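Where a number appears in this text, it was derived from the coordinates with a stated rule and is not lab data. Quick caveat: nothing in here was measured; it's all calculated off a predicted structure. Here the Cβ positions follow ideal geometry from the backbone for every residue, glycine too, while neighbour counts run over all protein chains shown.
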Amino acid sequence: MEQIELKTQKRTVLGKEVKNLRLEGLIPAVLYGHETKSIPLQIEERELNRVLAQAGGHRLIALKIGRARKRQMALAREVQWDVISRKLIHVDFYAVVMTEKVTTEVPLVFVGEAPAAEAAGVMVLQGLDEIEIECLPGDLIEAIEVNLSGLEEIDQAIYVKDLRVPPTVEILTDAEEIVAKVAWAAAEEVEEEEVVPVAPEEVEIIAKGKEEEGPEEAEPRQTYM
């Protein structure tokens with residue numbers, strides 16, 4: 001898996017004064033971990049947006065802090081967005097220890113076509129779009145593939161227990177949860193079959209984390225967990 005690198009600088013501006021950083025195109029951030037003392041950081045907004053879009057909350061990010069040669073491997077644990085402007089306002093990074101397991105959520109990628117869904121009035125219902133896993137940081141996976149081609153009958157389903165992951169990865173989500181199921185469409189859905197669907201809104205996939213910036217919380221924000 002290609003390593004994702006992000007350049008950062010140590011931050012001396014704290015509290016409400018960080019709003020001035022944002023005016024300069026810099027986003028305040030914090031690096032923390034149970035073996036790492038919290039380090040306030042600042043990151044160029046455009047570069048941070050690019051990296052978060054690529055890594056989400058389930059891929060390791062190699063943080064280059066200032067002129068330090070050694071990169072700190074981390075996961076994005078919490079991202080805060082301004083409710084009105086929809087711009088980044090703060091990010092928490094969790095410093096991982098490569099010999100200790102981490103827990104995160106990874107997306108499901110659906111592939112193939114369900115033969116049963118070819119019949120009129122039948123559809124595939126999606127129960128989950130991500131699942132929780134645990135593994136060593138070096139064994140993290142980008143996504144889990146779900147093949148729908150085996151769904152040949154009405155009411156047939158794919159469960160979490162049917163998913164296949166490397167032996168180094170443990171799935172924590174309930175094994176009996178339904179990932180996808182073939183079912184009859186509701187009457188109103190059948191009648192509206194030819195209606196052009198509305199494009200889904202963009203979803204930020206970010207895992208839960210720890211908050212460090214107390215005074216700046218007064219600003220409008222929305223947190224995705």
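For the pair ALA62 and GLN126, how long in nm is the line joining their label points, each one 7 Å along Cα→Cβ?
Between ALA62 and GLN126, the label points sit 3.2 nm apart.
Please list 3J(HN,Hα) in residue order for segment 107-124, calculated via the Karplus relation 6.51 cos²θ - 1.76 cosθ + 1.60 where θ = phi - 60°; whole Hz, with x for glycine and proline.
Those phi angles translate into x, 9, 10, 8, 10, x, 10, 7, x, 5, 7, 6, 6, 4, x, 10, 9, 9 Hz.
Taking 0.36 nm per intervening residue step and subtracting the Cα-Cα distance, what contour gain separates GLU153 from VAL13 on full extension?
Gain in length upon complete extension: 44.4 nm.
With point charges of +1 on the Cβ of Lys and Arg and -1 on the Cβ of Asp and Glu, referenced to the Cα centre of segment 98-150, which listed residue (VAL109, MET98, LEU125) lies farthest in the positive direction of the dipole?
LEU125
Rounded to the nearest Å, what's the spacing between the alpha carbon centres of segment 7-79 and segment 124-173? Just the number, please.
Here the two parts' Cα centres lie 31 Å apart.
Rounded to the nearest whole Å³, what is the per residue volume of the convex hull around the Cα atoms of segment 102-191?
92
Give the lysines whose C-alpha is closer than 27 Å to that of LYS161, dropping any in the same chain fewer than 8 places away, or say none.
Within the straight-line limit of under 27 Å, LYS161 reaches these lysines: LYS101, LYS181, LYS208.
Note the full-extension length gain between ASP82 and SER38 as 0.36 nm times their separation in residues minus their Cα-Cα distance, in nm to one decimal.
13.5 nm
If r is the Cβ-Cβ distance from GLU113 to VAL169 and R0 is 35 Å, what FRET efficiency results, to the nearest 0.05?
0.85
For a paramagnetic label modelled at 7 Å from the Cα of ILE178 toward its Cβ, which residues of segment 120-158 fall within the zone defined by backbone nitrogen distances under 13 Å?
123-128, 154-158
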